[in-house]
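Have a look at the structure below before the remarks.
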Amino acid sequence: MYNAEKFYLKIINSIYLNLSRTASSIPFGGNHFLDEVTRGVGELILKEYEEQFNPESTKPSEICKAYLKTLGRQDFLEDGAFQLEDDGDSVVVTMNPKDQEHCIYKEFCREAQKESLLFYCPRLGVLQSVLKKSLGVEYSTSVDWEPESKICRGRISPVKRRLRTEMARFVDDTLNIAGERAMLFTKDAYLSLLTAVAEYAPFILRKVLFDSGYRSFLGVAREAADSYKTPEKSLRVCFEEMKHCGIGKVELISLDPSAGHAVIRCYQSFEVAAVEDIELYRTPRVTCDHLRGQLSACLTVILGCPIICEEMQCAALDGEYCEFLAYPEEENERK
Amino acid sequence: MKTRGFFGVDGLDQAVPQGMEYGSQILVYGDTGVGKTVLAGEFLKEGLLCGDTCIYVACDEPPAVMRGHLRDYKVGVRAYEEVERLLLVDAYEEEESRERHFIANQYSLEKYAVLESNLLERFTDRRVRLVVDSLSTLLIPFGQEEILEFHRSRLKSLRRKGILTMDVFVDGVLDQRVMTIISHLYNVNVRMMFGGPKARPERLIQVGKVKSGMFDAVPRRFGISPVFGIIFAPDVEV
């Protein structure tokens, strides 16, 4: 390889690596941003060689093979280095250790893994855009590199559901999230709202926070429940949405779906940070009522019975995290 | 952490702007049906939010009534009971209680004091609120001397232990003279009554801080919302 080629490769890998680093700190889902960038690059390349690309079948793996052959003809890659097979709707792309030496993105790939960064393989990104163009279906990609066998295994799968918060966009000077108008609520704006409620009708404050959290997350919880098979997976997706919204890092500590019981923790709760500089309440107390409402909504929808969460420990009082206990909402016996 | 507690009812809390020290005792007395148990529920809810361990001794009704009352206000009672942050103590059932916590013999004040004290001993490392609803029911069979002696030693012990206590009394159950003496033993007196025209009676409340000699003689109007609990009529005086 000529020095200039080495240099170009270095630049390409550095660009991707820095995109990954930057994407990690982008609000509203750096995942989607990075996915879009890699896919978009693939789309541009596809446009360039579109005329030479003639898949003979609509099988996803055959479409991918046809495209790799097109690139192979340009001496851009060795199309034989990739083993492709169908796995349901997905395509599994395997690369042996020997062939990986020729992967032009390997520097970016290894470094991203070392730094635990968000990672989308540019090669798979090309195939992702080819599949979208050929089949009209949204795909996403993931890569597993097995350190022991040193086998690189990529997967290109249809997207079941994207996080709502990943779909934040500016459209004609308006902010949209998942197609709906949205606005950023700064800490100041949030506090102004809370303070106004506390001033005019203090007795409704907790209820307002709980109910608004509950109602606002019913839709998200329904989508998550419909998209994933296990309650754990659905809950984790909801928690991911919460994190993207800036509510805090929410973790499921334990879950017993049949008993409707869960223990959930939240680190860096926004509600704790919001009230730390003001005296909203007369005495220090648990403060995460909005989150409590969101968690109650998620559990109610995902477990299929009314669940109520209580905040047993709050970082506003003590400790590093807030802890919530959830149990089924018990009905009172009416005579 | 501040070691002062509040009722948890805006309006009522304004009457004690500095809050009440843990170890203080509150006497709540008033007409039947005026909302004493609702106030007790608010006091418990406030305690749960502030991280207190709340003990409710039910003398007039089974503890299930308070459990249901709190559930009506969307309190996740089970979560608090599971970790013993809320203890509903049965001092009502004469036969075997089905509750986890009960005071079996309510016919000896001495025994009651020991059982109550034993229960509180379990939580010496926590901040505790205690509500006895209603203490007047426990006192019915006893004479004046016995009642006063029980009160003096019990309240002294609760103060020493730093328990924020609310004792509920129903009007007309005990002799007025006994009530007057008893009321002087508490830091805060809350009087709840019906007032206004007979056709449209109103709920009224007065708060007095006995030890400081301050008594808010202005009865304030309040209502009971099925969603929010006790709500004071804003800026309205009777």
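The values are calculated or read from the model by the stated rules, or taken from the named source; none is laboratory data. Everything numeric here is computed off the predicted structure, so don't read it as measured data. Note: ideal-geometry Cβ built from the backbone for every residue, glycine included; neighbour counts use all protein chains shown. Heads up: the accessible areas ignore ligands, DNA and RNA and are worked out on the full protein's heavy atoms, side chains in. Shrake-Rupley method; radii C 1.70, N 1.55, O 1.52, S 1.80 Å.
Name the residues whose placed amide hydrogens come within less than 5 Å of the amide hydrogen of A:Ser140, ignoring near sequence neighbours (fewer than 5 apart) on the same chain.
Under 5 Å from the amide H of A:Ser140: A:Ser157, A:Val159.
Please list the non-local residues whose amide H lies under 5 Å from the amide H of B:Leu87, H modeled 1.01 Å from N, same-chain partners needing a gap of 5 or more.
B:Cys54, B:Ile55, B:Tyr56
Using a 1.4 Å probe on protein heavy atoms only, how many Å² of accessible area do A and B hide from each other, summed over both chains and rounded to 100?
Separately minus together, A and B give about 2500 Å² buried.
Give me the Debye-computed log₁₀ of I(q)/I(0) at q = 0.16 Å⁻¹ for the range A:45-103, equal point scatterers on Cα only, no solvent, two decimals.
-0.53
Take each of the peptides A:124-132, B:125-133, average the number of other beta-carbon atoms within 10 Å over its residues, and list them starting from the highest.
Per-residue Cβ counts within 10 Å, averaged per peptide and sorted highest first, yield A:124-132, B:125-133.
Which ³J(HN,Hα) values, rounded to whole Hz and listed in residue order, are derived for the range A:145-157 from phi using the Karplus coefficients 6.51, -1.76 and 1.60 in 6.51 cos²θ - 1.76 cosθ + 1.60 with θ = phi - 60°, glycine and proline given as x?
Ordered by residue, 3J(HN,Hα) equals 10, 8, x, 5, 7, 6, 8, 9, 10, x, 9, 10, 10 Hz.
Write down the accessible area per residue of the range A:240-316 in Å², having rolled a 1.4 Å probe over the full set of protein chains. Don't skip to the end; give the middle numbers.
Numbers: 2770 Å² over 77 residues.
Dividing the accessible area of the range A:240-316 by its residue count gives 36 Å².
Between the range A:46-75 and the range B:156-181, what's the alpha-carbon centroid distance in Å?
87
Just to be sure I understand: with springs between alpha-carbon atoms less than 10 Å apart, which residue in A:Arg162, A:Arg236, A:Arg181 has the highest mean-square fluctuation in the Gaussian network model of chain A?
A:Arg181
Which angle from 0 to 90°, rounded to the nearest 10, does the C-alpha axis of helix A:231-245 make with the longest principal axis of chain A?
Rounded to the nearest ten degrees, it is 90.
Can you work out D for chain A in µm² s⁻¹ from Stokes-Einstein, where Rh is the Kirkwood radius over C-alpha pairs, the temperature is 20 °C and the viscosity is 1.002 mPa s?
Value of D from the Cα-based Kirkwood radius: 94 µm²/s.
Give the total of Lys-Lys pairs in the range A:8-76 with Cα-Cα distances below 22 Å; include a pair only if its members are 8 or more places apart or on different chains.
Final tally of qualifying lysine pairs is 4.
Quote the FRET efficiency, to the nearest 0.05, computed for A:Thr94 versus B:Lys198 with a Förster distance R0 of 51 Å and r equal to the Cβ-Cβ distance.
Using R0 = 51 Å, I get an efficiency of 0.05.
Which length gain, in nm to one decimal place, applies between A:Thr195 and A:Ser254 when the Cα-Cα distance is subtracted from 0.36 nm times their residue separation?
17.8 nm
Let me see the P(r) profile for the range A:164-334: every Cα-Cα distance counted, bins of 10 Å, each bin given as a percent of all pairs.
Computed distribution, short to long bins: 10, 37, 35, 17, 2, 0.
For A:Asn54 and A:Phe7, what does the FRET efficiency come to when R0 = 35 Å and r is the distance between their Cβ atoms, rounded to the nearest 0.05?
Values: r = 35 Å, r/R0 = 0.99.
The pair A:Asn54/A:Phe7 has a calculated efficiency of 0.50.
Roughly how crowded by other chains is peptide A:306-319, in terms of the mean Cβ count from those chains within 10 Å of each of its Cβ atoms?
Other-chain Cβ atoms within 10 Å of each residue's Cβ, averaged: 3.
In chain B, what is the volume of the convex hull around the alpha carbon atoms, normalised per residue and reported in Å³?
Details: hull volume 31.2 nm³, N = 238.
In chain B, the Cα convex hull volume per residue is 131 Å³.
Any chance you could list P(r) for the range A:2-158, counting all Cα-Cα pairs in 10 angstrom bins from zero, rounded to whole %?
11, 41, 38, 10, 0
Run the accessible area of chain A with a 1.4 Å probe and give the carbon-and-sulfur part as a rounded percent.
In chain A, the share of accessible area belonging to carbon and sulfur is 51 percent.
Rounded to the nearest Å, what's the spacing between the alpha carbon centres of the range A:250-314 and the range A:156-235? Just the number, please.
15
Report, to two decimal places, the Cα Rg of the protein assembly as shown normalised by 2.2 N^0.38 Å (N = number of residues).
Working: Rg = 32.5 Å, N = 573, 2.2 N^0.38 = 24.6 Å.
Scaled against compact globular proteins, the figure is 1.32.
Could you work out what % of the accessible surface of chain B is carbon and sulfur, using a 1.4 angstrom probe and leaving DNA, RNA and ligands out of the count?
Whole-percent figure for carbon plus sulfur exposure: 50.
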